[in-house]
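Before any comments, here is the structure.
The values are calculated or read from the model by the stated rules, or taken from the named source; none is laboratory data. Bear in mind that the values here come from a model prediction, so they are computed numbers and not experimental data. FYI the Cβ positions are ideal-geometry reconstructions off the backbone, even for glycines, and counts take in every protein chain you see. Just the protein is used for accessible areas: all its heavy atoms, side chains included, with ligands, DNA and RNA removed. Shrake-Rupley method; radii C 1.70, N 1.55, O 1.52, S 1.80 Å.
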Amino acid sequence: MSRQVKVWLAIWILIAGWLLWQQGCDRPLDDIVIDEGAVTVRNQSQDEWLDVRIWVNEHYAGGARSIPSGGFVREPLSRFVAAQGQSFNAATTPVASVVLLAKTPAGTPVRVVWGKPFWH
């Protein structure tokens, strides 16, 4: 093979490899996922989230002290509790909405929504 053919072959291999690599990177993760009886919330921002409150169906609350940048929280739906002490029952109640409320270290409010909440 001539040198010119080898160079063009190398360029095409690099381009094909780059395109395949980009295909694997095109799928961003969802901020909020409900599956297998649990809620997963991902912090895909550059800031840590502090004083995190997570509301399921606007009546059942849970939370965390913080979620670092790039981190996540996964909690079973049964750990979310209403004001009167009732636990969320995933077997009888569908999840209509999930709302995360938090703040950044600078005090900026954070709100991440899944579904269509009415109050939050």
ask   = Can you name the residue in the stretch 87-120 that is assigned to a strand (DSSP E or B) and polar (S, T, N, Q) and, of all such residues, is surrounded by the most Cβ atoms within 10 Å (Cβ to Cβ)?
value = S97
query = If you take the residues of the stretch 69-86 that are in contact (Cβ under 8 Å) with a residue 40 or more places away in the chain and of a type outside the set (A, V, I, L, M), which of them is most open to solvent (accessible area, probe 1.4 Å)?
reply = S78
note = Note on the stretch 54-83: residues outside any strand (DSSP E or B) and among the charged types (D, E, K, R) are E58, R79
request  = Give just the number: which of (1) modelled with pLDDT under 95; (2) under 17 Å from the mean Cα position of the chain (by Cα); (3) not acidic (D, E) does V41 not satisfy?
outcome  = (1)
request  = Inspect the stretch 7-29 for any residue being of a type in the set (F, W, Y) and surrounded by 14 or more Cβ atoms within 10 Å (Cβ to Cβ) and give the result as yes or no.
outcome  = no
inquiry  = Just to verify a result, which residue in the stretch 32-83, among those that are of a type in the set (F, W, Y) and touching a Lys or Arg at 6+ places or on another chain (Cβ under 8 Å), is farthest from L100 (Cα to Cα)?
reply    = F72
